[in-house]
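Please read the structure below before turning to the comments.
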Amino acid sequence: MEFVAGPAVHRVLCADCGTPIVPNSANLCVACLRNTVDITEGIPKQASVSFCRNCERFLAPPTSWTLAKPESAELLSICLKKLKGLNKVRLTEAHFIWTEPHSKRLRVSMTIQKEVLTNTILEQTFEIEYLVQHGQCPDCAKLAAKNTWKAVVQVRQKVPHKRTFLYLEQLILKHNAQKDTISIKETRDGLDFFYSQKSHALKMVEFLAGVAPIKSKASEQLLSSDIHSSTANFKYTFSVEIVPVCKDDLVCIPLKQARNLSNINPLAICTRVGSSLQLLDPQTLQTCDIPAQIYWRAPFDSLAFVTDLVQFTILDIEPDHTRKRGKLVLADAQVALAGAFTSSASKSDDDSMDYDGVGNTAQVYHTRTHLGAILQPGDTALGYFLTNANYNSDHFAELPSARVPDIILVKKTYPNRRKKSRARNWKLRSIAKEAGEDGETSGARGAIGRMGGRDTKKVEQDYELFLRDLEEDPELRSGINLYKAPEVTMAGPEAPATKKSKKRAQFAMDVDEAVVPEVVEVVNSSNIPNPEEEDEDEVDFPDIKLDELLEGFDEMTLGAGGEAEHDEGEHEQS
């Protein structure tokens with residue numbers, strides 16, 4: 001094959017340095033062309049960007065503030081907008097050059113192109129250094145001043161406990177409904193959520209209407225007005241009231257209203273509280289659903305709360321599997337007060353609540369319950385002792401005595417599990433972001449329990465009952481997020497109880513000291529408890545499995561990560 005030579009390449013000498021080059025319109029080499037023409041002229045080599053340390057946002061010219069991560073595309077866009085003269089060149093490539101995070105410097109490498117002479121395009125790469133200047137965005141500047149809110153949502157529930165707001169706090173965190181809240185203030189019967197815009201408050205009211213039966217009322221206050229421009233400045237207040245009925249509460253519906261609700265028994269227990277109330281008649285398994293609109297037409301209060309529950313021991317139970325509704329099975333049970341058949345010596349050492357004051361504690365009661373599927377002889381259940389109760393209710397007084405049972409069982413409990421000091425392997429998040437505004441420091445979890453004083457102990461008791469409800473009710477905890485606590489070491493069943501630590505974590509389970517026998521020097525052999533019975537656990541205890549827990553508790557915590565000792569001090573009585 002014959003070799004064919006290519007066309008000859010003609011070269012000329014550079015007009016400045018004499019280097020042979022391919023002919024071009026300028027007759028200059030690349031080095032001489034760069035020395036002659038600077039395409040970066042007019043583009044500053046140093047600039048500054050504004051950064052708000054409170055909300056961690058950068059100023060995107062001219063007035064908007066944007067959340068951007070280090071070396072992200074959003075931050076690179078903000079940096080390029082700060083440069084003047086880029087509209088006269090063609091930007092082909094830009095990227096960050098790594099710098100120390102504490103240097104307060106950002107370095108950006110840019111490659112641009114520009115036509116300098118006829119049909120001659122020059123490309124050049126250079127660096128620009130940005131100085132990060134700390135400042136305050138307008139939103140954070142308003143937060144630094146007092147009374148700068150534009151709208152407030154006042155959530156109230158007139159009940160003697162805080163369990164509803166503890167559960168509401170977890171729902172807010174799961175759905176990230178607190179993202180627009182600038183501060184939270186606890187009041188006697190609820191919480192106040194403050195917002196910088198009216199639309200944010202309206203979103204919160206809509207969220208509350210979706211998770212709880214409420215009624216709301218809006219009002220506004222005129223702050224200032226301009227008659228020349230017809231503008232006015234208002235402050236908006238949204239009053240939200242949650243129904244005063246909680247889960248496991250005993251209610252007495254007025255007779256006329258009970259007939260309208262499918263003729264249900266007036267004595268019922270509340271089984272679920274969502275956007276509506278769901279009531280259950282434990283005698284017949286009849287249920288009814290009461291929407292918020294219907295409830296507020298003729299509201300009624302709870303006859304008894306969960307704090308009035310009494311422990312009963314199941315002596316015998318006969319379930320009727322022909323009468324059931326879902327997981328509920330109707331059954332006839334024989335019950336007695338917990339500890340009714342214990343000896344007098346053991347009662348004298350017991351610090352638990354005394355039910356011996358009224359009636360015969362050894363009496364056996366017959367009742368009908370909806371817990372026939374889970375109760376067995378020997379189990380312990382919580383219920384309302386109507387025989388020894390005195391209710392100040394006109395609706396309850398109107399009921400015929402034949403329709404009022406002696407006992408209404410509500411749920412199964414696990415007292416043997418509570419006798420042991422076992423650490424919980426899970427945690428809950430809390431709204432701790434607002435802890436510290438107005439010069440105050442929160443000594444409890446999140447927004448609940450910040451009033452202090454005599455309410456602190458009551459809130460701690462409500463929080464412990466709330467944690468127990470989450471453990472014993474899988475349906476209740478399915479609506480919230482639980483997080484792993486990897487630093488927890490599960491305590492053994494034979495852990496010594498003589499040494500008592502001063503501080504415990506939030507997830508530490510309280511010891512039921514009322515049922516732990518004290519060690520004395522002289523002990524009657526007939527009153528010694530069986531150690532096998534003391535160490536026996538309920539086999540059907542609904543443990544929280546690891547697959548129900550989420551990772552990343554520390555990274556997702558809203559509050560500033562404090563020391564471990566401070567965190568344990570906050571949750572000492574949890």
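The values are calculated or read from the model by the stated rules, or taken from the named source; none is laboratory data. Here the structure is a predicted model, which is why all the values come from computation and not from measurement. Quick reminder, even Gly has a Cβ in these numbers, built from the backbone with ideal geometry, and neighbours come from all protein chains shown. We work out accessible area using only protein heavy atoms, side chains counted, and drop any ligands, DNA or RNA first. Shrake-Rupley method; radii C 1.70, N 1.55, O 1.52, S 1.80 Å.
Using the structure shown, decide if LYS146 is modelled with pLDDT of 85 or more and among the charged types (D, E, K, R).
Judged against the criteria, LYS146 is not a match.
Of all residues in the stretch 262-284 being hydrophobic (A, V, I, L, M, F, W, C) and open to solvent by less than 10 Å² (accessible area, probe 1.4 Å), which is nearest to LYS327 (Cα to Cα)?
My answer is LEU280.
Mind checking which residues of the stretch 7-23 are open to solvent by less than 60 Å² (accessible area, probe 1.4 Å) and not β-branched (Val, Ile, Thr)?
The answer is CYS14, GLY18.
Which of the residues belonging to the stretch 92-112 are open to solvent by 40 Å² or more (accessible area, probe 1.4 Å), farther than 18 Å from SER72 by Cβ and part of a strand (DSSP E or B)?
Answer for the stretch 92-112, where residues must be open to solvent by 40 Å² or more (accessible area, probe 1.4 Å), farther than 18 Å from SER72 by Cβ and part of a strand (DSSP E or B): just THR92.
Pick out the one residue from CYS32, CYS17 that is over 60 Å from the mean Cα position of the chain (by Cα), part of a helix (DSSP H, G or I) and farther than 26 Å from ILE97 by Cβ.
Unique residue meeting the criteria: CYS32.
Here's a check for you: in the stretch 183-207, which residue that is in contact with a helix residue (DSSP H, G or I) (Cβ under 8 Å, 6 or more places away or on another chain) and open to solvent by less than 30 Å² (accessible area, probe 1.4 Å) is farthest from THR164 (Cα to Cα)?
The qualifying residue farthest from THR164 (Cα to Cα) is TYR195.
Any idea which of (1) open to solvent by 50 Å² or more (accessible area, probe 1.4 Å); (2) assigned by the TED database to the domain that holds ASN390; (3) at pLDDT below 90 is the one VAL306 doesn't satisfy?
(1)
I'm trying to understand the selection: among the residues of the stretch 309-320, which are within 22 Å of GLU475 (Cβ to Cβ) and open to solvent by 30 Å² or more (accessible area, probe 1.4 Å)?
Across the stretch 309-320, the qualifying residue is only PRO319.
Inside the stretch 247-261, can you point out the residues that are closer than 18 Å to ASP394 by Cα, open to solvent by 10 Å² or more (accessible area, probe 1.4 Å) and not in a loop (DSSP other than H, G, I, E, B)?
LEU255, LYS256, GLN257, ARG259
Any residue at all in the stretch 213-225 that's in contact (Cβ under 8 Å) with a residue 40 or more places away in the chain and crowded, with 17+ Cβ neighbours inside 10 Å?
Yes, the stretch 213-225 contains a residue that is in contact (Cβ under 8 Å) with a residue 40 or more places away in the chain and crowded, with 17+ Cβ neighbours inside 10 Å.
Regarding VAL240, is this residue surrounded by 15 or more Cβ atoms within 10 Å (Cβ to Cβ), closer than 29 Å to HIS395 by Cα and touching a Cys at 6+ places or on another chain (Cβ under 6 Å)?
No; evaluated as a whole, the condition is false for this residue.
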